[in-house]
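The values are calculated or read from the model by the stated rules, or taken from the named source; none is laboratory data. Given the structure is predicted, the values throughout are model-derived calculations rather than measurements. Because the Cβ atoms are built from the backbone with ideal geometry, glycine has one as well, and the counts that use them run over all protein chains shown.
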Amino acid sequence: MYNNIYGYSYSIPAEDPFTGIGIGIMMFYIIVMLLIGIISLASYILRGIGLYTIAKHRGYEYAWLAFIPFFRIYLQGKLSGDITFKNKTMRDTGIWLAVIPLMYGVVVSVIYGVMCLCGMLAIFSMTMHVSAGRILILIMLLILAFAIGLGYEVLYKTLRVMVNYQIYRNMTSGNMAVAHAVLGALLPLYESICFFVMRNREQSNNNETHDADSTEDTEEEQKTEEPQEEMPIANEAVSLDTGDSDEVASDNEITEL
């Protein structure tokens, strides 16, 4: 407390220590959200360019779907083609890849809606008494939501690994395709970087395969043509042998005469 000559007094408020902590937490939260936004934007752009280029190389007319949310997932599954696992084949992979997250979202929304309804009924009940049955229902719904979420993560990530393996194997070796597919399901931004980096490899691999096939076809044609060229030689040899035998027969006739 300070007093001046005019009799006024004023006080200096003490600094609240929690204010600085709150500002620090807020700044940290903003930085984290900015980083997540930048990573998400980079992943969206890199993945879109990669899928678009691969689809154009394969002759898809709707390659522009690579830049549209939700439909780009369908395009990714379409690029992988049918997936064969042992004796079973999954067709329309793009549809499954796009529909499974929607089904999961609907189921989880229904479960959490029922949980919220049970909680609201417990709060706004006239007696304000929460029965053991309601608590048991809430616990069972939580366990069910956790089990469905875990099953969805395992199923969807496995499907993504198989889809990406189908795409990668046309651009790299089999072992590297498996490694890239697994790491893409575990690490953020890895899948988008792989699509962007390897987007032009498929064309070169297809050209090399086409050149190899053309070389093999040429060699086969040469092999089939070689016997045809040898046939006239064999015929000439037969004709010469026949001519020689005729000459020998004529000589024998002259000798007899």
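Every residue in segment 187-206 that is modelled with pLDDT under 90 and part of a helix (DSSP H, G or I), please.
Across segment 187-206, the qualifying residues are Arg201, Glu202, Gln203, Ser204, Asn205, Asn206.
Going residue by residue through segment 23-35, is there one that turns out to be closer than 30 Å to Ile167 by Cβ and at pLDDT 90 or above?
The answer is yes, given that some residue of segment 23-35 is closer than 30 Å to Ile167 by Cβ and at pLDDT 90 or above.
For segment 70-89, how many residues are more than 15 Å from the chain's Cα centre (by Cα) and either assigned to a helix (DSSP H, G or I) or not aromatic (Phe, Trp, Tyr) (or both)?
Number of matching residues: 5.
Spot the failing condition for Lys86; the list is (1) on the phi > 0 side of the Ramachandran plot; (2) touching a helix residue (DSSP H, G or I) at 6+ places or on another chain (Cβ under 8 Å), and only one is missed.
Checking Lys86 against (1) on the phi > 0 side of the Ramachandran plot; (2) touching a helix residue (DSSP H, G or I) at 6+ places or on another chain (Cβ under 8 Å), the one that fails is (2).
Which residue pairs have Cβ atoms closer than 9 Å, lie 6 or more positions apart in sequence or on different chains, and pair a first residue in segment 20-44 that is part of a helix (DSSP H, G or I) with a second residue that is of a type in the set (Phe, Trp, Tyr)?
That search, which allows pairs on different chains as well, returns Tyr44/Phe67.
Give me a count of the residues in segment 73-102 that are surrounded by 11 or more Cβ atoms within 10 Å (Cβ to Cβ), aliphatic (A, V, I, L, M) and free of Cβ contacts under 8 Å to residues at least 40 places away in the same chain.
6
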